[in-house]
Amino acid sequence: MAFSFSNFFGTDELDNQPTQQQTADKTVSSPSSVNGRRPAKVVDMSGRSASTNHIALFEPRIYSDVKGIAQQLLENQAVIINFDKLDDQSSKRIVDFLTGTVFAISGEIKRVGDTIFLCTPNNFEVSGDLSSRFDQDASAFK
């Protein structure tokens, strides 16, 4: 028994084929509507992006803590590092390592205090200079 789809919905297959004129009209016309409604356009008015940027705070105690700091940078997160709890030699080694990491991701590293550094990936912009402010504030208290 042969079954034909041509009359199943009450139309003939040839009736459903658009003509060349209908196809041309659809390409020239304004944005199409579905069932007489315009397509909904949703715009986020909060100004926030879907992903939230974080700034991680680190206070390394040994050199191997640099791995966690570098991992945050590789995940496009900014990092503030406080070297108060670390000796000068290890602090310099960590800064050297992070300088290479920041260079590799086209980021930036800035000193924001005597023992505090800010490392940012390339999707952050850092403006201003705190070290000159510290110098001005220190001279005001003398």
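Would you mind estimating how fast the stretch 49-102 diffuses translationally, via Stokes-Einstein at 4 °C and 1.567 mPa s with the Kirkwood radius over Cα pairs, in µm²/s? Intermediate values should be presented prior to the final figure.
On the way: Rh = 11.6 Å.
Roughly 112 µm²/s, to the nearest whole number.
Each residue of the stretch 69-83 is assigned a 3J(HN,Hα), and the resulting list reads 5, 5, 4, 4, 5, 5, 8, 6, 10, 6, 9, 10, 10, 10, 9 Hz, derived from the Karplus form 6.51 cos²θ - 1.76 cosθ + 1.60 (θ = phi - 60°), x at Gly and Pro. Less than 5 angstrom separates the built amide H of E59 from those of N82, all sequence-distant by 5 or more or on a different chain.
Read the figures in this text as sums done on the coordinates, not as results from a lab. Please read all numbers here as calculations on a predicted model, not as lab measurements.
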